[in-house]
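K.L.:
Mind having a look at this structure? Questions to follow.
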Amino acid sequence: MPAKPYPPEVRQRLAADARELISRYPQSRSALLPLLHLVQAEEGFVSPTGIRFCAEQLELTTAEVTAVATFYTMYRRRPAGRYHVGVCTNTLCAVLGGDQIFEELKEHLGIGNNETTEDGAVSLEHIECNAACDYAPVVMVNWEFFDDQTPESARRLVDDLRSGAEVRPTRGARLCEFRETARILAGFPDERAGANDESGAGGAPSLAGLRLARGESLPGAPGARVVSPRNEGTEA
């Protein structure tokens, strides 16, 4: 059966946002990824109704939209919690404790992978890579980094999220809820005062790796280099 449409007032509001997003691209279908984040911001996941809306806005089939929504793991197919917790279980994080963190969080929260607590506060997912290997093991909450985690710190983290306590990422802007994050990812500005100034930059481990890759020496290790600069000793 065809998916139900959004109620008229919701559809009208989302259609205005969709027009703004589509106008940024020379080809309308290029706006599909932002539109999927937009509908995810509305319902907390990409529903059949959201897929129908995206298809109508871009004059695509629902099959075409579904193919994209099911390819990218950031698009949820079932409702996420207010705080979506992703535990990296890829190689480096796994061997440094990521697998144990994930198993203990499942037991602590009483949910499995891609499930949400009964209070709707926390959903849990194992992530293949959070792209932060120099801070392993890493947990992300609504795509903000929590570095150098342990099972104990991860349990405290989810308990604080469920209790409503203020939680600050290791780096990056302060947390907002999953739907708010999805709207930002759709391409709309973060309206919270000062949030953009909190975005931060690479931390010391990342920058140390960059310096070594450039052939520079690190403070306290004069003359020591791991690799040579590219094209060193070659003629221009």
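K.L.:
What FRET efficiency, computed as 1/(1 + (r/R0)^6) with R0 = 30 Å and r the Cβ-Cβ distance, is obtained for LYS106 and SER206, rounded to the nearest 0.05?
P.N.:
0.50
K.L.:
Also, quick follow-up: With +1 on each Lys and Arg Cβ and -1 on each Asp and Glu Cβ, how big is the dipole of the range 1-67 about its Cα centre, in debye rounded to the nearest 20?
P.N.:
60
K.L.:
Then there's this: Can you give me the P(r) profile for the range 12-125? Cα pairs, bins 10 angstrom wide beginning at 0, each as a whole percent.
P.N.:
Binned Cα distances yield the sequence 14, 36, 27, 18, 6.
K.L.:
Mind listing which GluC sites (Glu not before Pro) in the range 36-100 are in a DSSP loop and have 16 or fewer other Cβ atoms within 10 Å?
P.N.:
Those that pass, being in a loop and sparsely packed, are GLU59.
K.L.:
Under a Cβ-only charge scheme (Lys and Arg +1, Asp and Glu -1), can you give me the dipole magnitude of the chain about the Cα centre, in debye to the nearest 20?
P.N.:
That gives the chain a dipole magnitude of about 540 debye.
K.L.:
Among ALA195, VAL158, LEU14, whose Cα projects farthest towards the positive end of the dipole of the chain, with charges put on the beta-carbon of Lys, Arg (+1) and Asp, Glu (-1)?
P.N.:
Projecting each Cα onto the dipole axis, the largest value belongs to LEU14.
K.L.:
On average, how much accessible surface per residue is there in the chain, in Å², for a 1.4 Å probe, leaving out ligands, DNA and RNA?
P.N.:
Dividing the accessible area of the chain by its residue count gives 55 Å².
K.L.:
Continuing with this model, one more query. Any idea what the dipole of the range 139-200 comes to, in debye rounded to 20, about its Cα centre with Lys/Arg Cβ at +1 and Asp/Glu Cβ at -1?
P.N.:
140
K.L.:
For the chain, what's the relative contact order in percent, using C-alpha pairs closer than 8 Å and at least 6 residues apart?
P.N.:
Relative contact order, the chain: 16 percent.
K.L.:
Over the heavy atoms of SER47, what accessible area does a 1.4 Å probe trace out, to the nearest 10 Å²?
P.N.:
10
K.L.:
Oh, and also: Which trypsin sites (Lys or Arg not before Pro) in the range 17-68 pass both tests, a DSSP loop state and at most 14 other beta-carbon atoms within 10 Å?
P.N.:
Loop-located and lightly packed - ARG24.
K.L.:
Return one quarter of the surface area of the convex hull spanned by the alpha-carbon atoms of the chain, equal to its mean projected area, in nm².
P.N.:
The directionally averaged projection comes out at 18.0 nm².
K.L.:
Before rounding to the nearest 500, sum -39500 (n - 2.57) across all DSSP H runs of length at least 4 in the chain and divide by the residue total; then give [θ] at 222 nm in deg cm²/dmol.
P.N.:
-11500 deg cm²/dmol
K.L.:
Another question, if that's okay. State the extension gain, in nm to one decimal, for the chain segment bounded by ASP134 and ASN113, taking 0.36 nm per residue of separation less the distance between their alpha-carbons.
P.N.:
Computed gain between ASP134 and ASN113 is 5.1 nm.
K.L.:
Projected onto the charge dipole of the chain (+1 at Lys/Arg Cβ, -1 at Asp/Glu Cβ, origin at the Cα centre), which of GLY97, PHE45, VAL85 gives the Cα projection farthest towards the positive end?
P.N.:
Result: PHE45, furthest along the dipole toward the positive end.
The values are calculated or read from the model by the stated rules, or taken from the named source; none is laboratory data. Nothing here was measured: the structure is a model prediction, and the numbers come from that model. Cβ sites come from the backbone with ideal geometry, for glycine too, and all protein chains shown count toward neighbours. Calculation scope for accessible area: heavy atoms of the full protein, side chains included, ligands and nucleic acids excluded. Shrake-Rupley method; radii C 1.70, N 1.55, O 1.52, S 1.80 Å.
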